[in-house]
1. In a loop (DSSP other than H, G, I, E, B) and over 19 Å from residue 234 (Cβ atoms): does that describe residue 276?
2. Just to be sure I understand the filter: pairs with C-beta atoms under 6 Å, separated by 6 or more residues or on different chains, first member in region 95-107 and under 12 Å from residue 381 (Cβ atoms) and within 14 Å of the ligand (Cβ to nearest atom), second member assigned to a helix (DSSP H, G or I) and modelled with pLDDT of 95 or more. Which pairs pass?
3. Might you check whether a residue that is at pLDDT 95 or above and near the ligand (Cβ under 10 Å from one of its atoms) occurs anywhere in region 170-177?
4. Within region 108-123, work out how many residues are near the ligand (Cβ under 9 Å from one of its atoms), surrounded by fewer than 21 Cβ atoms within 10 Å (Cβ to Cβ) and within 18 Å of the chain's Cα centre (by Cα).
5. For residue 214, state whether it is farther than 23 Å from residue 94 by Cα, surrounded by fewer than 16 Cβ atoms within 10 Å (Cβ to Cβ) and in contact (Cβ under 8 Å) with a residue 40 or more places away in the chain.
6. Residues of region 332-346 being surrounded by 15 or more Cβ atoms within 10 Å (Cβ to Cβ) and free of Cβ contacts under 8 Å to residues at least 40 places away in the same chain, which ones?
7. Return the only residue of 182, 195 being modelled with pLDDT under 95, within 30 Å of residue 137 (Cβ to Cβ) and surrounded by 15 or more Cβ atoms within 10 Å (Cβ to Cβ).
8. Tell me which residues, restricted to region 288-320, are within 33 Å of the chain's Cα centre (by Cα), without any contact (Cβ under 8 Å) to a residue 24 or more places away in the chain and loosely packed, with under 15 Cβ neighbours inside 10 Å.
Ligand SMILES: C[S@@+](CC[C@H](N)C(=O)[O-])C[C@H]1O[C@@H](n2cnc3c(N)ncnc32)[C@H](O)[C@@H]1O
């Protein structure tokens with residue numbers, strides 16, 4: 001009996017003993033027959049699901065041993081870490097599909113304050129100081145909205161000419177991405193989700209993107225990327241590149257991942273997120289309004305469109321930036337008989353799609369300046385949620401447990417017993 005299962009709860013153990021006595025079979029044989037029946041049932045459900053699922057994860061290998069079978073429309077209780085966490089836009093999107101954050105890290109003390117007040121967790125500080133400290137727990141998914149920096153190729157060329165190997169450590173040395181890559185290398189999370197500004201791909205004549213994508217592939221990942229405009233989710237034109245990576249030794253060389261389709265229906269409108277009776281302190285002074293108009297006119301004459309922008313209430317705004325607090329010039333709200341006004345911090349939060357319950361001015365524990373900066377740096381949670389739903393459909397295929405304690409994904413592909421071997425083994429031990 002103890003070879004099959006240890007430490008059965010007392011009530012189950014005593015019912016098993018009674019049943020075995022009543023049926024005149026050994027406890028071990030009885031338990032094995034139960035397992036056998038359960039396995040048959042699980043296999044039948046698995047086959048049903050597999051027929052509707054796009055593919056099997058390990059077609060040439062074995063079906064996952066004891067993988068829990070889940071309907072495709074439920075969330076997944078996976079664990080994740082939130083690096084360069086800001087105020088937690090990635091976190092909210094991942095939590096919406098069942099993710100559970102086990103570690104966060106953010107250097108800015110004001111963003112840390114907001115993060116703690118909203119998510120009940122004080123993020124660790126500078127990534128460059130924690131990447132080698134061994135304080136990051138194991139996790140299923142690593143999420144990071146890392147700042148973009150150029151990579152110098154000078155060092156690589158020199159090393160190349162000396163005939164030395166140049167892995168990501170050489171190529172990315174001195175950048176924040178280097179620290180990120182080091183964490184990925186150490187922790188080997190099955191899934192990585194990165195978010196960055198749209199021009200990451202063209203930055204430094206494509207060199208930055210080549211280095212990032214090459215490094216992720218070198219670390220063992222299949223890499224997918226797409227620029228997504230948040231205007232389908234919130235009334236703001238905000239293009240960001242989303243990079244989704246799956247470990248090949250967990251998901252195979254070509255995981256069936258696809259970015260979300262564009263949501264159907266009309267796009268959100270700015271007027272739906274605006275408050276009425278906004279405090280006059282958000283209205284531009286004559287001096288600032290005149291200055292912005294002159295500045296815009298100067299640029300218009302030079303042939304570039306840079307300048308202030310009066311937003312269209314029936315459409316979406318320009319991109320909210322981290323500098324919005326300075327003059328609000330990129331998104332000005334027209335007012336009848338008055339100079340235009342800025343968005344309030346609460347409206348800026350709505351424009352980013354943060355949930356209303358977090359945006360109550362009573363809960364704003366930083367200055368307006370910091371609040372605008374935090375929203376301008378953030379990622380739109382509903383876009384993350386849409387991407388995460390797609391990730392979850394792939395993740396589901398590598399689940400080995402759904403207890404939600406620690407990691408739920410198989411971390412590395414191991415040899416597994418074929419199901420028929422398990423059945424054969426059980427058949428040999430079936431009660432007579
Ligand atoms: C683009 S924002 C990410 C925002 C986040 N995704 C959100 O939704 O709020 C990048 C963040 O990285 C933080 N950061 C920059 N350098 C850092 C470092 N060395 N260690 C930790 N955080 C850092 C910045 O303070 C900023 O909040």
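The values are calculated or read from the model by the stated rules, or taken from the named source; none is laboratory data. Computed from a predicted model, the values in this text were never measured in an experiment. Using ideal geometry, Cβ is built from the backbone for each residue, glycine included, and neighbour counts are taken over all protein chains shown.
1. Here the answer is yes, as residue 276 does meet what is asked.
2. The qualifying pairs are 96/385.
3. No, every residue in region 170-177 fails to be at pLDDT 95 or above and near the ligand (Cβ under 10 Å from one of its atoms).
4. So the count comes out to 0.
5. Answer is yes for this residue.
6. Answer for region 332-346, where residues must be surrounded by 15 or more Cβ atoms within 10 Å (Cβ to Cβ) and free of Cβ contacts under 8 Å to residues at least 40 places away in the same chain: just 345.
7. Just a single option satisfies the conditions, and that option is 182.
8. Residue satisfying the conditions is 306 alone.
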